[in-house]
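Presented below is the structure to which this report refers.
Values in this text are rule-based calculations from the coordinates and carry no lab data. What you are looking at is a predicted structure, and each value in this text was computed from that prediction instead of being measured. For neighbour counting, all protein chains shown are included, and Cβ atoms are generated from backbone atoms with ideal geometry for every residue, glycine included.
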Amino acid sequence: MKSLKSLWQRADRRLWVLSILIGFVVTWLVNIVPFINKVECFAVFYLLLYGAFAIWTGFTLQNRRRCWQAFVFPVSFLLAAHLFGPKYSLYFAPAYLAVAYLAWSMVRANRNK
């Protein structure tokens, strides 16, 4: 119990809230709203919005020694995509994790020069 409390104190709450909101709630809304077609959903949300958010996640975690919090967005997206989205969207979760990790490692590498 004590380790969970210290873990929550070290966690970035803003990142957690935004990751869950964008990963789960926005994915749910995009897939149930009838006036957004699949092409707009793919291009605007899956590529642009979520890709930019994964990059922002990596930049936000630049001061962290470990980037385990980068898993919050892909996991919440994966859950929402599994429940509400098309089956091809499940493959985006590992891609978002990879993009967030890449952004995190590039920022840390540039900072350590």
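Can you give the translational diffusion coefficient of region 68-113 in µm²/s, computed by Stokes-Einstein from the Kirkwood radius over Cα pairs at 10 °C and 1.306 mPa s?
139
Given axes a ≥ b ≥ c from the Cα gyration tensor, I'd like to know whether region 7-74 is rounded (a/c under 1.5), prolate (a/b larger than b/c) or oblate.
In terms of gyration-tensor shape, prolate.
Chymotrypsin sites (Phe, Trp or Tyr not before Pro) within region 51-82: which are DSSP loop residues with at most 16 other Cβ atoms inside 10 Å?
For chymotrypsin sites (Phe, Trp or Tyr not before Pro) across region 51-82 that sit outside H, G, I, E and B with at most 16 neighbouring Cβ atoms in 10 Å, the list is empty.
Rounded, prolate or oblate for region 28-113? Axes are the square roots of the Cα gyration tensor eigenvalues, ordered a ≥ b ≥ c, and the cut-off for rounded is a/c under 1.5.
The shape class here is prolate.
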